[in-house]
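Right, one structure below, let's go through it.
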Amino acid sequence: MDLIEEQVKPAARGLAAWQWVGVSLVVGIFFGFLDTLMIGAVIGYLGFKVPAYFGVPTTFTGYFLAGMVLARIAPAAILWQIPGGIVICAALVMLGLAGLSGHGVFWFLVNFFVIPALAGGACYAGVWFVRRNSVQRPSDEAASEGPP
């Protein structure tokens, strides 16, 4: 067995479904920031200058990785909660980046509905990528029933 099977999954087994939204939010912030920071460091090293909005799509790879990591840890019954936390995370990122005023209806819809939806889709793609070939193990079935 590996570290995730021995240490992390038993601890995560007791989490309620709504708590996975919070876990996804925290992990999404971490991976989204880390991924954007690494891509920004490479772009800066190469001497390119890009606008701040360039960081928005770079966080999508971090959200994809967050979906992959959490899909391996979470029980099989946890599905929409992982992308749900990422949608909240992306909305908070756009709130900090764009603010609530100073743009029209179109950009408001893009910033607070389209971009978070795409971020949730990227996270769901990560969840799907991990779970597409995984076989449901008896330990996962017991974990998906909820806390003991």
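Where a number appears in this text, it was derived from the coordinates with a stated rule and is not lab data. What you see is a predicted model; the values in this text were computed from it and never measured. Here Cβ is always computed from backbone atoms with ideal geometry, including for glycine, and neighbour counts include all displayed protein chains.
Give segment 101-127 a look and list any residue that's in contact with a helix residue (DSSP H, G or I) (Cβ under 8 Å, 6 or more places away or on another chain) and either free of Cβ contacts under 8 Å to residues at least 24 places away in the same chain or of a type in the set (Phe, Trp, Tyr) (or both), or say none. Reasoning before the result, please.
Kept after step one, since they are in contact with a helix residue (DSSP H, G or I) (Cβ under 8 Å, 6 or more places away or on another chain), are these residues of segment 101-127: 103, 107, 111-112, 115-127.
Matches in segment 101-127: His103, Trp107, Asn111, Phe112, Tyr124.
Criterion applied to Tyr45, Tyr63 was being part of a helix (DSSP H, G or I), among the hydroxyl-bearing types (Ser, Thr, Tyr) and surrounded by fewer than 14 Cβ atoms within 10 Å (Cβ to Cβ), and the one residue passing it is Tyr45.
In segment 81-96, which residues are of a type in the set (Val, Ile, Thr) and either without any contact (Cβ under 8 Å) to a residue 60 or more places away in the chain or on the phi > 0 side of the Ramachandran plot (or both)?
Residues of segment 81-96 that are of a type in the set (Val, Ile, Thr), as a first pass: 82, 86-88, 93.
Listed by number, the list holds a single entry, Val87.
Only one of the numbered conditions (1) hydrophobic (A, V, I, L, M, F, W, C); (2) within 9 Å of the chain's Cα centre (by Cα); (3) surrounded by 16 or more Cβ atoms within 10 Å (Cβ to Cβ) is not met by Val26, and that is (3).
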